[in-house]
Every structure is written in C-alpha cells, then in structure tokens.
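Below is one structure, written out as structure tokens; the observations come after it.
The values are calculated or read from the model by the stated rules, or taken from the named source; none is laboratory data. Predicted, not measured: the structure shown is a model, and the values here were computed from it. Glycine gets a Cβ as well: all are built from the backbone with ideal geometry, and neighbour counts include every protein chain shown. The accessibility values were calculated without ligands, DNA or RNA, using every heavy atom of the protein model including side chains. Shrake-Rupley method; radii C 1.70, N 1.55, O 1.52, S 1.80 Å.
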Amino acid sequence: MSFRILIADDEPLIRVDLKELLEGIVHEVVAEARDGKEVLDLLEQKKPDVVILDIKMPHISGIDLARKIADSYPVIILTAYSDRHLIDQARDAGVMAYLTKPFREESLSPALELSVRHFLEKSSLTERIVRLKDELETRKLVDRAKGLLMDKEHLTESQAYRRIQKISMDKNKSLKEVSEAIITMLG
C-alpha cells in the first residue's frame, strides 16, 4: 500500500533522509514543511493521506498541530524525544504513532500502515456515533410530535405516527423536519 505523505521537520537534513526513506519504500512525499504554519498551508493544497511531524518545530509544535488536524489526518510524531510527558501529550492530541529518531524502515513502514488503518477505523466509529445521535434525536422529536398530535387531535399513537409519515412523504421532508414543524405549531 502506497501513501501520500506530508512531512514536517525544522531540520532540512532530517526531511531529506525521511523523504528518501519513504520514497524507497514506495510512498509519495507530496509536501515538506519547515514549521507548523507551513503544514497548515500545505494540507489543503496537497491533501496527504498521512502527516509526519517533528514534535518541536517553530511557530506551532507538532503536538499542538496534531490537536488541530488529528480529526482529519492520521498523524505520526517522529522525534528525538522519548519523554513520557510528551508521549502522553501526543496520545491526548490524537497522534496515531510516536516514533523516535533515528528512524528506520522497519519501524516506519508498520507505523504508517497501522496509523492509517486505525485512523480509518476511528473515523468510521465517529461517523457511526454521529449517525446514531441523529437517529436518537429524530426518535425523540417524533415521539414528542406524536404526543402533541395525540393530545391536541385525540389520535392514537399509531394514527399520530401515520400522520407524521404521510406529511413527510407528501411534503418530501424528513420525519425530523415534520416533527419539528408539528412541535413548533402545536407545542
């Protein structure tokens, strides 16, 4: 599997070595950045699959940057620091992997693959949670609208639900939208 990668390190020699290593294992380095501000500028243009960051960079640290982008990109921290406090900060920022320098192909390649896989799993779970929350909110609104119809129009629960469904189909609106309108009108 080949990934499009953005690398960021304030040391040019590290960027060159890392780029050569990544390209040697069939990945494409789509952008290189010297600092966190440059990373933010390049993300929208280059749309990488993975972002590899040094932990200590000018303007915005790798950890602060990870906090900003970890919901949108799998982030790997590549650093000379193995301090427990920094590892905890990286974890809390949403970093998918934490590798110490000197880096080697044997550790970088699995970190890339696992980071992308875990990121995709996390994204899928996040989408599912959002969808379930929306379904729960819709169910609550429908129940409230049914209750109002039952009270104000003396309908049974199934009659009230059928009325909401019929309005939804006739007006080409979602059950949520119809329920919200009923609550506004009758509530």
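Report Rg (one decimal) and Dmax (nearest whole number) for the range 1-155, counting Cα atoms only, units Å.
So, for the range 1-155, Rg and Dmax equal 21.1, 77 Å respectively.
For the chain, set up a GNM with springs between Cα atoms under 10 Å and report which of 128, 139, 34 has the largest fluctuation.
So, out of 128, 139, 34, the one fluctuating most is 139.
Run the quick spin-label model on residue 105 and residue 59: label points 7 Å from Cα toward the beta carbon, then report their separation in nm to one decimal.
So the label points at residue 105 and residue 59 sit 3.3 nm apart.
With the full set of protein chains in place, find how many percent of the accessible area of the chain is carbon and sulfur; take the probe as 1.4 Å. Intermediate results must be reported in sequence, preceding the final value.
On the way: 5700 of 11270 Å².
The nonpolar share, carbon plus sulfur, comes to 51 percent.
May I ask you to compute the full-extension gain from residue 82 to residue 46, defined as 0.36 nm times their residue separation minus their alpha-carbon distance, rounded to one decimal in nm? Mind showing how you got there, number by number?
Values: separation 36, 0.36 × 36 = 12.96 nm, distance 2.98 nm.
Roughly 10.0 nm would be gained on extension.
How many nm is it between the label spots at residue 153 and residue 123, if each spot is 7 Å from the Cα in line with the beta carbon?
4.3 nm
Please work out the C-alpha center-to-center distance from the range 63-134 to the range 1-34 and express it in whole Å.
17 Å
Residue by residue, what Karplus-based ³J(HN,Hα) values in Hz, rounded to whole numbers, does the range 124-141 have, using 6.51, -1.76 and 1.60 with θ = phi - 60° and x for Gly and Pro?
Once rounded to whole Hz, the list reads 5, 5, 4, 4, 5, 4, 4, 4, 5, 4, 5, 4, 5, 4, 4, 4, 5, 5.
Over the range 70-187, with a single point scatterer placed on each C-alpha, what log10 of the ratio I(q)/I(0) does the Debye formula yield at q = 0.14, 0.22, 0.23 1/Å?
For the range 70-187 at q = 0.14, 0.22, 0.23 Å⁻¹, log10 I(q)/I(0) is -0.67, -1.13, -1.18.
Enter the accessible area per residue of the chain (Å², integer; probe 1.4 Å; all protein chains in place). Present the calculation step by step, with values, prior to reporting the outcome.
On the way: 11270 Å² over 187 residues.
With the other protein chains kept in place, the chain gives 60 Å² per residue.
Apply the Karplus curve 6.51 cos²θ - 1.76 cosθ + 1.60, θ = phi - 60°, to the phi angles in the range 147-154 and return the couplings in whole Hz, x for Gly and Pro.
Going residue by residue, I get x, 5, 5, 5, 5, 7, 10, 6 Hz, with x marking Gly and Pro.
Say the cut-off is 28 Å between C-alpha atoms; which of 47/176; 46/133; 19/68; 47/173; 140/166 go over it?
The pairs that break the limit, which is 28 Å between Cα atoms, are 47/176; 46/133; 47/173.
Among 106-117, 66-77, how do they line up from the highest to the lowest mean number of other beta-carbon atoms within 10 Å?
Details: 106-117: 16.4, 66-77: 20.8.
Highest to lowest by the protection proxy: 66-77, 106-117.
State the dimensionless ratio Rg/Rh of the range 75-137 (Rg: radius of gyration of Cα atoms; Rh: Kirkwood radius). Walk me through the intermediate numbers first.
Working: Rg = 15.2 Å, Rh = 13.3 Å.
On the Cα set of the range 75-137, Rg over Rh gives 1.14.
Cut-off under 16 Å on the C-alpha distance; same-chain residues fewer than 8 positions from residue 56 excluded. Which aspartates and glutamates are left, in chain and number order?
Those aspartates and glutamates meeting the cut-off are 9, 10, 11, 32, 35, 38, 64, 83, 88.
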